[in-house]
Amino acid sequence: MTILFVNACLRGEDSRTLVLCREYLASRGDDVAEVNLASLDLRPFDAEMVARRMAQQTAGAWDDPLFALSRQFAEAEDIVIGAPYWDLSFPAALKVYFEHVSVCDLTFHYTEDARCEGICRARRITYITTCGGFVEGANFGYEYVCGIAKMFGIPETRFVAAEGLDIVGVDVEAQLDKARAQLARLD
Ligand SMILES: Cc1cc2nc3c(=O)[nH]c(=O)nc-3n(C[C@H](O)[C@H](O)[C@H](O)COP(=O)(O)O)c2cc1C
């Protein structure tokens, strides 16, 4: 199986979140398709982009490259998101990525009785993060990911965090090791 790795670790090689993600992915032994948001540098949607996408949706022009990220996400069987904790959430680049991914008739659709129904193939999203402080459950980024997973029809989300990494006196390696132990317990 191929895992889709959404890499929102914008500090690149300096990122502790990326270290955890890479170790976890290596332990799975699966193929990994990586979307690196730092190098993709996606634009947030504006009026012109919304109009263009709407026109292509209406025309059924699903081969247009503007749908590539959405199609890749919709077809993935297993998804790992790596994102540091920024401002109670995650880097804006990840939200912009979801703007590109969230496309009616690719990741969700509306039923005849006007219900929104997810149509993604993935069985789960694993969300890996690290935080400067002790966040104690207030990770609104992960809450958002849970919400959009539900909208996309992805039944399981799971969460691993290494916390307190920027607090003076905290044993950073010990905190990372706790997260490593949690990751090792995941099926
Ligand atoms: C822009 C920015 C915003 C941050 N906001 C928070 C925050 O709200 N709460 C917190 O505990 N740490 C915050 N931090 C600290 C990071 O969560 C912490 O350093 C994390 O380990 C960074 O992950 P990385 O090493 O993968 O880049 C912030 C860091 C940055 C750069």
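The numbers here are math on the coordinates, done by the rules we state, and not lab data. Bear in mind that the values here come from a model prediction, so they are computed numbers and not experimental data. Every residue, glycine among them, receives a Cβ derived from its backbone with ideal geometry; neighbour counts consider all protein chains shown.
Could you work out how much longer the chain between A61 and H109 gets when fully extended? Use 0.36 nm per residue separation minus the Cα distance between them, nm to one decimal.
Fully extending the segment from A61 to H109 adds 15.6 nm.
In Å³ and rounded to a whole number, note down the convex hull volume per residue for the Cα atoms of the chain.
127 Å³
When only C-alpha pairs under 8 Å and at least 6 residues apart count, what is the relative contact order of the chain, in percent?
RCO, the chain: 22 percent.
Name the residue, out of G169, G133, G118, whose mean-square fluctuation peaks in a Gaussian network model built on the chain with Cα pairs under 10 Å.
So, out of G169, G133, G118, the one fluctuating most is G169.
Say a paramagnetic label sat at a point 7 Å from the Cα of V135, along Cα to Cβ; which residues of region 60-92 have their backbone N under 14 Å from it?
Inside the label zone: 81-92.
Can you give me the distance in nm between label points at A33 and R185, each placed 7 Å from the Cα along the Cα-to-Cβ direction?
The answer from the label model is 3.2 nm.
With a point put 7 Å past each Cα toward its Cβ, work out how far K95 is from E13 in nm, to one decimal.
Calculated label separation equals 3.1 nm.
Just to be sure I understand: with springs between alpha-carbon atoms less than 10 Å apart, which residue in Y144, Y110, Y97 has the highest mean-square fluctuation in the Gaussian network model of the chain?
Y110
So how far apart, in nm, are the two label points at V168 and Q72 if each is 7 Å from Cα heading toward Cβ?
Rounded to a tenth, the inter-label distance reads 4.2 nm.
Compute the distance from the alpha-carbon center of region 136-187 to that of region 56-112, in whole Å.
21 Å
Let me know the shape class of region 1-78, please: from the alpha-carbon gyration tensor, a ≥ b ≥ c as square roots of the eigenvalues, rounded when a/c is under 1.5, otherwise prolate if a/b is greater than b/c, or oblate.
Oblate shape, in that a/c is at least 1.5 and b/c is the bigger or equal ratio.
So how do 59-70, 120-131 stack up, highest first, on mean other-Cβ count within 10 Å?
120-131, 59-70
How do the peptides 11-24, 38-51 rank, highest first, by the average count of neighbouring beta carbon atoms within 10 Å per residue?
Answer by packing, highest mean first, reads 11-24, 38-51.
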